[in-house]
Amino acid sequence: MKYLYILLFLVCGNSISAHEPNEAFFIFSLGENQITVEAELPWSMRNALIDYNPNLETSNSKQDFENTFVSYIRDNLILKNENGLVLEFEKFEELKNNGHSHQNNYLLTFKGNTLEDVTNTIMFNTYENQVNYNTITWFETKFKTSKNKTSFKLNEENKSDLFHYWWLLLLPILIITSIAIFKKTTANKV
C-alpha cells in the first residue's frame, strides 16, 4: 500500500502542488469609505499563524485562530493614507475557494478612502523566499513584495507613469515644430 501512495504522488505530484506555498495574491479595491483586499493565501498560511503564535499548535479553538489571524493581518498588512496614518483594519470574511482546497480566500476590509503606502509582509515569518503579488485595481498596477522589498508607494508608480505620458505629449509638439522649421527653411531657400 505504501508503494501505491508513492506511485500516486509521483504521477500526480505536479497537480497536487498547483499553488506554491510561498506565494500569496492580493487585490486592492477602493470603496466609498473603505479599502477591501481580496487575499488568496496558500494552505501554508496556517504555518505562518502558528509561527506567529505558537500557542495555536495545541489549540482546538476556531476563535483562537481567528483572533491570531486578525492580529497577524494588523501586524503584517499595513495600509497608510497620504498623511502617513495607518488605516484601521475593520474585519475579515472568508470567501469561497472555488474548489481549491490548497488555498484560503479572504476579504479584508480597512477603514479609509485613500491609499498611499502598503507594507505587506504576510508569511515572511515562515518563508525566506515568500513573494506577495499585489494588484491595485484603480491604478491597474501591480507590485511585488518580498523580504528584499517589503513595501511600495502608489504615488511613486503613478508619478513615473505620468512622466511617460508627458513625453508622449511632448513628442507631437517636437514633430510639428520640426516640420514648421523645415518648411520655413526650405521656403527661404527658394
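On the given criteria, is residue 65 in contact (Cβ under 8 Å) with a residue 60 or more places away in the chain and surrounded by 15 or more Cβ atoms within 10 Å (Cβ to Cβ)? First the steps, then the outcome.
Numbers: in contact (Cβ under 8 Å) with a residue 60 or more places away in the chain: no; surrounded by 15 or more Cβ atoms within 10 Å (Cβ to Cβ): yes.
Here the answer is no, as residue 65 does not meet what is asked.
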| query | Restricting attention to segment 19-29, which residues are touching a Ser or Thr at 6+ places or on another chain (Cβ under 7 Å) and open to solvent by 50 Å² or more (accessible area, probe 1.4 Å)? | reply | 27
| message | Exactly one of these conditions fails for residue 37: (1) surrounded by fewer than 17 Cβ atoms within 10 Å (Cβ to Cβ); (2) outside any helix (DSSP H, G or I); (3) modelled with pLDDT of 95 or more; (4) not acidic (Asp, Glu). Give me its number. | response | (1)
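Please work out if residue 55 is modelled with pLDDT of 90 or more and touching a Gly at 6+ places or on another chain (Cβ under 6 Å).
The answer is no for residue 55.
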| message | I'd like to check something: does segment 111-130 contain any residue that is assigned to a strand (DSSP E or B) and among the charged types (D, E, K, R)? | response | yes
| field | Which numbered condition residue 60 misses (of (1) of a type outside the set (D, E, K, R); (2) modelled with pLDDT under 95; (3) not in a loop (DSSP other than H, G, I, E, B)) | value | (3)
| said: Restricting to segment 68-99, give me the number of residues that are more than 18 Å from residue 110 (Cβ to Cβ) and of a type in the set (S, T, N, Q). | reply: 3
| message | Of everything in segment 63-106, what is over 24 Å from residue 155 (Cβ atoms) and of a type in the set (A, V, I, L, M, F, W, C)? Give them in sequence order. | response | 65, 69, 70, 92, 95
| Applying the selection to segment 40-57, what residues are open to solvent by 20 Å² or more (accessible area, probe 1.4 Å) and either of a type in the set (D, E, K, R) or part of a strand (DSSP E or B) (or both)? | 40, 46, 51, 57
| query | Only one of these conditions is not met by residue 78: (1) part of a strand (DSSP E or B); (2) open to solvent by 100 Å² or more (accessible area, probe 1.4 Å); (3) more than 16 Å from residue 29 (Cβ to Cβ). Which number is it? | reply | (2)
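Test residue 128 against the criterion of being exposed (fewer than 14 other Cβ atoms within 10 Å of the Cβ), of a type outside the set (Lys, Arg) and closer than 21 Å to residue 53 by Cα, and give yes or no. Before the answer, list the steps.
Working: exposed (fewer than 14 other Cβ atoms within 10 Å of the Cβ): yes; of a type outside the set (Lys, Arg): yes; closer than 21 Å to residue 53 by Cα: yes.
Spelling it out, residue 128 is indeed exposed (fewer than 14 other Cβ atoms within 10 Å of the Cβ), of a type outside the set (Lys, Arg) and closer than 21 Å to residue 53 by Cα.
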| query | What's the number of the condition residue 20 fails, among (1) modelled with pLDDT under 95; (2) over 19 Å from the mean Cα position of the chain (by Cα)? | reply | (2)
| note | Taking segment 91-110 and the residues there that are without any contact (Cβ under 8 Å) to a residue 40 or more places away in the chain and part of a strand (DSSP E or B), the one that is least open to solvent (accessible area, probe 1.4 Å) would be 92
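With touching a helix residue (DSSP H, G or I) at 6+ places or on another chain (Cβ under 8 Å), at negative phi and either modelled with pLDDT of 75 or more or in a strand (DSSP E or B) (or both) as the only criterion, which of 143, 152 stands out?
Details: 152 fails: touching a helix residue (DSSP H, G or I) at 6+ places or on another chain (Cβ under 8 Å).
Answer to the check: 143.
The values are calculated or read from the model by the stated rules, or taken from the named source; none is laboratory data. Only a predicted model underlies this, so the values are computations on that prediction, with no experimental measurement involved. We place every Cβ from the backbone using ideal geometry, glycine too, and count neighbours over all the protein chains shown. The area values use the complete protein model at the heavy-atom level, side chains included, leaving out ligands, DNA and RNA. Shrake-Rupley method; radii C 1.70, N 1.55, O 1.52, S 1.80 Å.
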